[in-house]
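Here the structure is laid out as structure tokens; the discussion comes afterwards.
Every read-out reported here was derived from the displayed coordinates using simple, explicitly stated rules and does not represent laboratory data. Here the structure is a predicted model, which is why all the values come from computation and not from measurement. Every residue, glycine among them, receives a Cβ derived from its backbone with ideal geometry; neighbour counts consider all protein chains shown.
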Amino acid sequence: MLTGKKILLGVSGGIAAFKAASLCSKLVQSGAEVRVIMTESATRFITELTLQALSKGPVYTDTFDEKNPAVIAHIDLADWADLVLVAPATANIIAKMATGLADDMLSTTLLATQAPIMLAPAMNVHMYQHPAVIRNLAELAARGVMMAEPGEGLLACGYVGKGRMEEPESLVRIVQAYFERQERVNAKPLKGRSVVVTAGSTVERIDPVRYITNDSSGKMGFAIAHAARELGAEVHLVIGSTQASPPVGIPFTKVESAQDMYNALLAHWDEADIVVKAAAVADYRPKEQLNRKIKKSGEEMSLELVKTVDILESLGKRKTSQFLIGFAAETHDLEKYAMDKLTRKNCDLLIANDVTAEGAGFGTDTNVISIFDSQGLVEALPLMSKEACARRIMELAGERLTGDLSL
Ligand code: PMT
């Protein structure tokens, strides 16, 4: 399954380093070409000789020990890799990556590489739950670094909890799944499909200087649009108010209110194969929109609001061949509300995010999403960059559209 894949295995210094031997061996048995970098601390847990014998190549530990004078080793390895897998990834190497520190062979190579990076964190449960580690992992996830989350169980320190490195067999499967995903992306499964995506918030005017809106930055919608284009689709964005910049080269229509957004979507409805409603739309608007500034008067003021058009619900009723993907921004009872919206709005998929969760929802570069269809939960994804969430959503849409559920 991994034939010809070049995997750079980074081993940092934790007790789980002993599992790196089995991991290296299984990667090689799966057909991968493996090169190994160890940190100084890793060599206290497992010898270079072990990994040299298993990888059938030199093991790199010292930035200044240049084995081949024709190249600079950390740049050469950084460029060589199809994937950099750091297993185990200690709190220390995670912190170095998050801050961009490059003071040894592994951290320097990690900074130099353009290859995708996957981490298999391993540490004491309290370290794993430390705010600094949580922040560093969130920062890396936002940069697109993939995580093979640690499992729960008895840790070497005697505690029971989350922090145990994913087992080598399972890590090999995760790595294989990553390369399979890459192959699917390269196959451009959305080629010839037209995708319309909404992003950002709507703005409902009260008077010329005041309005009702929400915190949507547009990042989730932009990530969806980008992922759809990566998978080969023709994409059109309908953009409300945003703080982020839309992906370069994707045509868009700028809108303000929910009604504007609805009109813009209708203009693209007939040719759309997939419509994704990632925008946060105001549910109510002022009954009257005044064209003169409201003057301050009295201690209290009431504003009469009326419902906006429910765009998704209305599109759900019009649906013919379109594949409709809705979002649900929730603060509690995620599944219940998600399933209610999916059914009521006649969506094919519904992406629910708990907007109170750390690193999820409005404004962040990451999200934690659960994907539902009419049968219930399809997938619950861990904290990932909005780009990675978007890629998974659009891959799934492609699979469902072509009916190829084996993908
Ligand atoms: O933009 P970011 O800062 O990256 O944040 C991303 C996000 C949190 C905005 C996004 O992930 C998200 O959850 N978007 C949907 C927000 C929302 O409006 O949720 P809702 O549960 O209120 O609405 C459910 C669905 O109906 C949504 O697809 C919404 O677009 C749609 N809707 C809602 C009201 C309305 N009048 N018309 C609609 O079409």
To the nearest 10 degrees, how steeply does helix 334-344 sit against the main Cα axis of the chain, on a 0 to 90 scale?
50
Sites matching chymotrypsin sites (Phe, Trp or Tyr not before Pro) across region 1-104 that sit in DSSP coil, with at most 10 neighbouring C-beta atoms within 10 Å
64
If you build a Gaussian network model of the chain, linking Cα atoms that sit under 10 Å apart, which residue out of 230, 149, 183 swings the most?
183
Could you name the aspartates and glutamates whose alpha carbon sits less than 13 Å from that of residue 277, not counting residues in the same chain fewer than 8 places away?
310, 313, 348
Chymotrypsin sites (Phe, Trp or Tyr not before Pro), restricted to region 119-199: which are DSSP loop and have at most 15 other Cβ atoms within 10 Å?
159
Please build a GNM for the chain, connecting alpha carbons under 10 Å apart, and tell me which residue among 224, 212, 351 fluctuates the most.
212
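Rg over Rh of the chain, using C-alpha atoms and the Kirkwood radius, what does it come to?
Ratio value, two decimals: 1.05.
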Aspartates and glutamates whose Cα lies under 14 Å from that of residue 96, excluding same-chain neighbours fewer than 8 positions away:
104, 139
Taking a straight Cα-to-Cα line shorter than 17 Å from residue 295, and setting aside same-chain lysines fewer than 8 residues away, one finds none
Which entries in the list 5/386; 19/56; 287/341; 319/345; 191/219 go over 21 Å, if you measure between the two C-alpha atoms of each?
5/386; 287/341; 191/219
Starting from the amide H of residue 257, placed 1.01 Å from N in the peptide plane, find each other amide H under 5 Å away whose residue is 5 or more places distant or on another chain.
203
Qualifying trypsin sites (Lys or Arg not before Pro) for region 122-214 [loop in DSSP, other Cβ within 10 Å: at most 14]
143, 191
Scoring only Lys, Arg, Asp and Glu (+1, +1, -1, -1) among other residues with Cβ under 12 Å from the Cβ of residue 25 yields +2
